[in-house]
1. Roughly what % antiparallel, to the nearest 5, for the DSSP beta bridges in region 26-83?
2. Which cross-chain or sequence-distant (5 or more) residues have an amide H under 5 Å from the amide H of ALA61, H modelled 1.01 Å from N in plane?
3. Subtracting the Cα-Cα distance from 0.36 nm times the residue separation, let me have the gained length for VAL30 to LYS44 in nm, one decimal.
4. Residues with beta-carbon under 9 Å from that of ALA84, excluding ALA84: net charge, scoring Lys, Arg +1 and Asp, Glu -1?
5. Calculate, in whole percent, how much of the Cα-Cα pair population of region 25-66 lies beyond 16 Å.
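Readers should treat all values here as calculations from the given coordinates under stated rules, not as data from a laboratory. The shown structure was predicted, so the numbers you read here are calculated from the model rather than taken from an experiment. Ideal geometry is used to build each Cβ from the backbone, glycine not excepted, and the neighbour counts take in all protein chains shown.
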Amino acid sequence: MPREFGEEEGRGDRRSGIKPNYFLPKPVKVGDELDLTIEATASKGDGIAKKDGYVIFVKDAKQGDSVKVKITEVRARFAIGEKAQ
């Protein structure tokens, strides 16, 4: 079936039966503590790490840091964490 204008490949479409990634189970949950490496810095200054392709924003972390992160919030497309103490 040809794609219509505005449709993107791999995105959810009720006609195709494909579910977007944000419906899949998340690789983290609130309270998890993970050892992560910060891959980049977000526009607001938070560090960006990934767990199985899932984005985790880490407050007060900089690119290149290896940190232990405690997950404080989980959303459909990303999680928020802070440095564990």
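1. Within region 26-83, antiparallel bridges account for around 75 percent of the total.
2. For ALA61, whose amide H was placed from the backbone, the distant partners under 5 Å are GLY47.
3. Here the answer is 2.8 nm.
4. On the way: positive: LYS68, LYS70, LYS83; negative: GLU33, GLU82.
Every neighbour counted, the sum reads +1.
5. 31 percent
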